[in-house]
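To keep things clear, I will list the structure first and then write my remarks on it.
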Amino acid sequence: NAGVTQTPKFRILKIGQSMTLQCTQDMNHNYMYWYRQDPGMGLKLIYYSVGAGITDKGEVPNGYNVSRSTTEDFPLRLELAAPSQTSVYFCASSFETSGVLGTDTQYFGPGTRLTVL
Amino acid sequence: GESVGLHLPTLSVQEGDNSIINCAYSNSASDYFIWYKQESGKGPQFIIDIRSNMDKRQGQRVTVLLNKTVKHLSLQIAATQPGDSAVYFCAENIEGGGNKLTFGTGTQLKVEL
């Protein structure tokens, strides 16, 4: 299993440009998540999905959109990039909560480093 | 608002010593806690988890302690090695919260040779 993969690894955008961050997981996880991590900070949840066709807002959803047409893929869309969106973006996935320790954890991708100038 | 926070931003230890990383949480409804390790340029990596009906859980060289009375979580790393150098995050999940996690700001662990 490749786990959670993200593309691209790095990207520089100009203000007002748009882009899609790709995320794919091959672990057959129902739940998927998008986080952003600003320098020296923890992760903040942008959007999450509990299954194909279902998405919901997290803590910081403004300026982003998501879709979940398949179990495997969960792309994050930035429509009008702003300097405040300069960050590292992490995608994660997990099983539904099972109550079994070690199995409810989220598995993270390697991240996409985005700079908006 | 509810938050997860860490007491120390940086912890320096000698190789071979034990490390203790602390975390405070404020939401009494949290029922599941996870420790993650994040190396530079990489995504967070699962270390160990614990549920609110437990006080202690051990893994390989790591132990997590949970004190619900004072809402405190700690990660103990035995015989710290250079490869343990990383940022460590605690995260909490609120019961019924759709497996959403709230992360603390992280503690940088530096292992000195």
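Structural remarks
- Scanning the range A:57-95 for residues that are more than 25 Å from residue B:46 (Cβ to Cβ) and among the acidic types (Asp, Glu) yields one hit, A:79.
- Checking residue A:29 against (1) in contact with a Ser or Thr (Cβ under 6 Å, 6 or more places away or on another chain); (2) without any contact (Cβ under 8 Å) to a residue 40 or more places away in the chain; (3) within 14 Å of chain B (Cβ to nearest Cβ); (4) closer than 17 Å to residue A:93 by Cα, the condition it does not meet: (2)
- In the range B:14-113, counting only strands (runs of 3 or more DSSP E) that sit wholly within it, the ones holding 3 or more residues that are within 11 Å of chain A (Cβ to nearest Cβ) and out of contact with any helix residue (DSSP H, G or I) (no Cβ under 7 Å at 6 or more places or on another chain) span B:30-38, B:45-51, B:86-94, B:101-103.
- Test: residue A:10 is more than 26 Å from residue B:35 (Cα to Cα), within 14 Å of chain B (Cβ to nearest Cβ) and either surrounded by fewer than 19 Cβ atoms within 10 Å (Cβ to Cβ) or out of contact with any Ser or Thr (no Cβ under 7 Å at 6 or more places or on another chain) (or both): yes
- If you check A:93, A:67, A:18 for being more than 10 Å from chain B (Cβ to nearest Cβ), within 28 Å of residue B:31 (Cα to Cα), out of contact with any helix residue (DSSP H, G or I) (no Cβ under 8 Å at 6 or more places or on another chain) and small (Gly, Ala, Ser), only one passes: A:93.
- Among residues that are closer than 17 Å to residue B:47 by Cα and either in a loop (DSSP other than H, G, I, E, B) or polar (S, T, N, Q) (or both), residue A:105 is included.
- Residues satisfying the stated conditions in the range B:23-82, i.e. touching an Asp or Glu at 6+ places or on another chain (Cβ under 7 Å) and in contact (Cβ under 8 Å) with a residue 60 or more places away in the chain: B:25, B:27, B:29, B:30, B:31, B:32, B:33, B:34, B:80, B:81, B:82
- For beta carbons closer than 6 Å, sequence separation of 6+ or different chains, a first residue in the range A:102-117 that is at the interface with another protein chain (Cβ under 7 Å from one of its Cβ atoms) and a second that is buried (at least 19 other Cβ atoms within 10 Å of the Cβ) and assigned to a loop (DSSP other than H, G, I, E, B), the qualifying pairs are A:108/B:43; A:108/B:44; A:109/B:43; A:110/B:43; A:111/B:43.
- Residue A:66 meets the conditions (1) within 29 Å of residue B:39 (Cβ to Cβ); (2) modelled with pLDDT under 95 in every case but one. The failed one is (2).
- Among residues of the range B:79-98, those that are surrounded by fewer than 14 Cβ atoms within 10 Å (Cβ to Cβ) and not polar (S, T, N, Q), counted: 5
- Hits in the range A:88-108 (condition: at pLDDT below 90 and among the aliphatic types (A, V, I, L, M)): A:100, A:101
The values are calculated or read from the model by the stated rules, or taken from the named source; none is laboratory data. None of these values were measured; they are calculated from a predicted model. All Cβ positions, glycine included, derive from the backbone under ideal geometry; neighbour counts span all protein chains shown.
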